[in-house]
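What follows draws every value from the coordinates through simple rules; no lab data is involved. Note that the structure is a prediction, hence the values are computed from the model and not measured. For neighbour counting, all protein chains shown are included, and Cβ atoms are generated from backbone atoms with ideal geometry for every residue, glycine included.
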Amino acid sequence: FMLADGMGGHPDGEVAAQLAVQTIATMFQNEARPGLPDVQAFLNNVVRAAHRQILRYAMDRAMLDPPRTTLVVAVVQEGCVAWTHCGDSRLYLIRRRGVAKEAMLGTKGDDLRKRFALVPRIPFGNFD
């Protein structure tokens with residue numbers, strides 16, 4: 001599952017969102033055979049790959065202000081869900097007792113890690 005929302009106020013935000021979705025969908029189709037061997041590594045790799053595609057688009061057009069998008073990507077596999085987000089779009093895991101987890105982790109590490117957060121795998125399907 002994914003959501004990309006191009007950022008207004010920057011040129012070609014809709015293009016950034018489209019590039020992110022296309023990049024991630026292609027990588028998922030190529031790597032999930034039938035499942036992903038390492039979901040966390042996949043999430044890390046797809047965010048970086050989408051970022052590179054957007055930057056390539058901007059460089060090819062000599063854009064001073066590159067297109068931008070928010071992003072949420074979630075993978076449900078083997079009864080667990082793992083997700084990542086970039087920007088101010090979020091994913092909330094809602095259970096019967098309320099919000100179980102929000103994808104908002106610390107911002108330690110290099111600059112790219114500050115832009116997105118990885119959430120550990122959470123059992124999916126037990127909604128208590």
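In this entry, the range 1-43 is assigned a mean projected area of 3.3 nm², taken as a quarter of its C-alpha convex hull surface.
Given a Förster radius of 22 Å and the C-beta distance between residue 45 and residue 78 as r, what FRET efficiency does 1/(1 + (r/R0)^6) yield to the nearest 0.05?
Values: r = 19 Å, r/R0 = 0.86.
Rounded to the nearest 0.05, the efficiency is 0.70.
Once both labels are positioned 7 Å from their Cα atoms along Cα-to-Cβ, the gap between residue 92 and residue 60 label points is 3.8 nm. Note that the range 9-101 carries a Kirkwood radius of 14.5 Å, evaluated over its alpha carbons pair by pair.
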